[in-house]
Amino acid sequence: MRRLTFRLLCIIGVASCGAQAGAADSPYEFGVFPYLPLAKIQQLYAPIAADFEAKLGRQVWLSSKSDYALYHEALNKETYDIAFVHPLDYVNAHDKHGYLPLARREKNLEALIVVRPDSPLKSIKDLRGKIVANPPVDAIVSHLTSMALQDAGINPGAGVKRDYGKNHFTCMQSVLIGAADACGTTEQALLHFEKEKQMNTRFRILHRTKPSPPPLFVVHKRVPKKDRDILLKTILGWPNNEEGKKILNVGYFIPFTAAGDAEYESVRRYVRTRSGSLSP
């Protein structure tokens with residue numbers, strides 16, 4: 001059986017699955033890293049794929065994977081024409097696999113270390129000896145959490161017990177049910193989790209980490225410049241039209257700005273040395 005892959009094929013826009021397109025008009029595949037459950041990825045990114053398709057006049061297939069490792073593998077195989085990636089993936093995709101920066105969030109990324117509202121923990125230093133949940137170990141948020149623990153004088157490997165889950169939702173679920181004392185996540189994921197769980201009392205933010213350059217849209221160099229320009233114009237125009245405003249508001253997305261490779265040099269240094277800061 002083929003590995004579990006979430007894909008929306010030919011259900012976005014008006015294109016028909018039965019249509020036979022020439023090579024020049026073959027669909028673009030848009031891959032999103034699985035930081036949320038696949039059903040939530042579909043909910044948030046299907047409208048984006050539909051908008052891309054409408055503006056390009058060409059089919060766009062939305063794709064993700066069941067876990068980070070499979071997504072990394074697909075990115076390394078240059079499967080995706082368009083992708084939404086976290087900063088660590090960007091450096092590898094750009095330097096080794098021909099992906100170009102397109103648009104990034106206007107604000108840098110912070111990890112939020114959250115606890116239950118009734119938690120006795122008062123500061124990050126209180127996490128010593130506790131269970132700290134995160135998304136997978138390779139997630140940018142997991143690295144930011146480790147750095148914050150190190151800065152607090154806690155060995156991120158031996159000073160706490162790390163619980164790496166499948167995505168941000170599993171991380172917060174562990175805290176909600178008491179299986180972990182804290183979770184390192186992001187504000188966007190936190191808002192979606194609290195809304196989905198209909199939480200009357202929000203998680204309490206124990207600590208905000210130092211920032212990293214944010215997640216970003218990338219495009220493979222095989223995509224013609226004309227289409228790259230259309231994609232960038234589409235993303236930057238979201239705050240200025242009703243469809244785009246809906247995409248941003250429903251997804252709790254921060255508006256985007258044009259991305260440049262130099263903005264991710266701090267991530268590149270970190271990847272090379274696995275030390276220092278991710279802060280831009």
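The values are calculated or read from the model by the stated rules, or taken from the named source; none is laboratory data. Note that the coordinates shown come from a computational prediction; the quantities given were computed from them, not determined experimentally. In this analysis, Cβ positions are derived from the backbone assuming ideal geometry, glycine residues included, and neighbour counts consider all displayed protein chains. When the accessible area is computed, the model is the full protein with side chains, heavy atoms only, and any ligands, DNA or RNA have been set aside. Shrake-Rupley method; radii C 1.70, N 1.55, O 1.52, S 1.80 Å.
Only one of these conditions is not met by I41: (1) of a type outside the set (D, E, K, R); (2) touching a strand residue (DSSP E or B) at 6+ places or on another chain (Cβ under 7 Å); (3) touching a residue at least 40 places away in the same chain (Cβ under 8 Å). Which number is it?
(3)
Filter the range 112-141 for residues that are under 16 Å from D181 (Cβ atoms) and within 19 Å of the chain's Cα centre (by Cα) and give the result. It would help to see each step written out before you state the result.
Start the filter on the range 112-141 by keeping residues that are under 16 Å from D181 (Cβ atoms), which leaves 112-134.
Across the range 112-141, the qualifying residues are L112, I113, V114, A133, N134.
Can you pull out the residues in the range 228-256 that are aliphatic (A, V, I, L, M) and open to solvent by 40 Å² or more (accessible area, probe 1.4 Å)?
I230, L232, L236, V250, I254
Which of the following residues is without any contact (Cβ under 8 Å) to a residue 24 or more places away in the chain, of a type in the set (S, T, Y) and open to solvent by 20 Å² or more (accessible area, probe 1.4 Å): T273, T201?
Of the residues listed, the single one that is without any contact (Cβ under 8 Å) to a residue 24 or more places away in the chain, of a type in the set (S, T, Y) and open to solvent by 20 Å² or more (accessible area, probe 1.4 Å) is T273.
Among Y164, Y270, Y252, which is on the phi > 0 side of the Ramachandran plot and among the hydroxyl-bearing types (S, T, Y)? Walk me through it before giving the result.
Values: Y164 fails: on the phi > 0 side of the Ramachandran plot; Y270 fails: on the phi > 0 side of the Ramachandran plot.
The match here is Y252.
Evaluate the following for E29: is it touching a Phe, Trp or Tyr at 6+ places or on another chain (Cβ under 8 Å), open to solvent by 40 Å² or more (accessible area, probe 1.4 Å) and either free of Cβ contacts under 8 Å to residues at least 12 places away in the same chain or among the acidic types (D, E) (or both)?
Taking the combined requirement at face value, the residue does not satisfy it.
Cβ-Cβ under 9 Å, sequence separation 6+ or interchain: first residue in the range 62-80 and closer than 18 Å to A49 by Cα and in contact (Cβ under 8 Å) with a residue 12 or more places away in the chain, partner open to solvent by 60 Å² or more (accessible area, probe 1.4 Å) and assigned to a helix (DSSP H, G or I). Which pairs?
Going by the 9 Å Cβ cut-off, the qualifying pairs are L62/Q42; S64/Q42; K65/E73; T79/E73.
Name the single residue that is surrounded by the most Cβ atoms within 10 Å (Cβ to Cβ) among those in the range 120-133 being among the small types (G, A, S) and at negative phi. It would help to see each step written out before you state the result.
Within the range 120-133, the subset among the small types (G, A, S) is 123, 129, 133.
Applying the additional criterion that residues be at negative phi yields 123, 133.
Numbers: S123: 9, A133: 27.
Looking at the filtered set, the residue picked out is A133.
Can you name the residue in the range 144-161 that is crowded, with 18+ Cβ neighbours inside 10 Å and touching a Pro at 6+ places or on another chain (Cβ under 9 Å) and, of all such residues, is farthest from P215 (Cα to Cα)?
L149
Can you name every one of the helices (runs of 4 or more DSSP H) wholly within the range 166-280 that holds 2 or more residues which are in contact with a Gly (Cβ under 7 Å, 6 or more places away or on another chain) and either at pLDDT 95 or above or more than 15 Å from I113 (Cα to Cα) (or both)?
168-176, 265-273
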